Amino acid sequence: MYTQLALDLQLARRKAGLTQTESATILHISRYRLGRLEKGSKEPTLKEIIRLSLLYGRSFEAFFADHMQSAKELMWRNLSKIKPGPGQTADTVNRERTLGRLDCDLDPEKDVYGV
């Protein structure tokens, strides 16, 4: 179940002043499908996520904050499993920069501003 997303979708639609039928029409999905998304029994497709973001004026991150946090935690744990590289080659020229950026972006001790 996707309960937080479902609640966010319901709230966003109500704040927009739209009915399920109106939202579904604009999104080019059935009212039944929108109802299932709002109940949390179905997960939206990527196309639906984009359309929902445009319709309600909300970012992907705003709709999926809880998923983003769990993904960050998982990636942070897995980042420590990456061993040092054999050295710089044409294939790994940006490897250290990427790993360093991930270390900063995923560090749970830092807030969103890196402090």
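The figures follow:
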item: Test for residue 57: is it on the phi < 0 side of the Ramachandran plot, of a type in the set (Gly, Ala, Ser) and more than 14 Å from the chain's Cα centre (by Cα); result: no
item: Subset tally (residues that are touching a Pro at 6+ places or on another chain (Cβ under 9 Å) and in a loop (DSSP other than H, G, I, E, B)) for region 30-43; result: 0
item: Cβ pairs under 6 Å, 6+ apart, first in region 29-55 and under 13 Å from residue 6 (Cβ atoms), second part of a loop (DSSP other than H, G, I, E, B); result: 36/42; 37/44; 40/1; 40/2; 43/2
item: Residue 6 at pLDDT 95 or above, more than 30 Å from residue 99 (Cβ to Cβ), touching a helix residue (DSSP H, G or I) at 6+ places or on another chain (Cβ under 8 Å) and assigned to a helix (DSSP H, G or I); result: no
item: Number of positions in region 16-40 that are over 20 Å from the mean Cα position of the chain (by Cα), among the hydrophobic types (A, V, I, L, M, F, W, C) and more than 17 Å from residue 57 (Cα to Cα); result: 1
item: Helices (runs of 4 or more DSSP H) within region 49-115 that include 2 or more residues of a type in the set (Phe, Trp, Tyr); result: 60-63
item: Among (1) loosely packed, with under 13 Cβ neighbours inside 10 Å; (2) outside any helix (DSSP H, G or I); (3) at pLDDT 90 or above, the one test that residue 18 misses; result: (1)
item: Those residues of region 66-81 which are among the basic types (Lys, Arg) and over 16 Å from residue 101 (Cβ atoms), in sequence order; result: 77, 81
item: Residue 11 part of a helix (DSSP H, G or I), at negative phi and either touching a residue at least 12 places away in the same chain (Cβ under 8 Å) or touching a strand residue (DSSP E or B) at 6+ places or on another chain (Cβ under 9 Å) (or both); result: no
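The values are calculated or read from the model by the stated rules, or taken from the named source; none is laboratory data. Just so we're clear, the structure is a prediction, and the values are computed from it rather than from any experiment. Glycine gets a Cβ as well: all are built from the backbone with ideal geometry, and neighbour counts include every protein chain shown.
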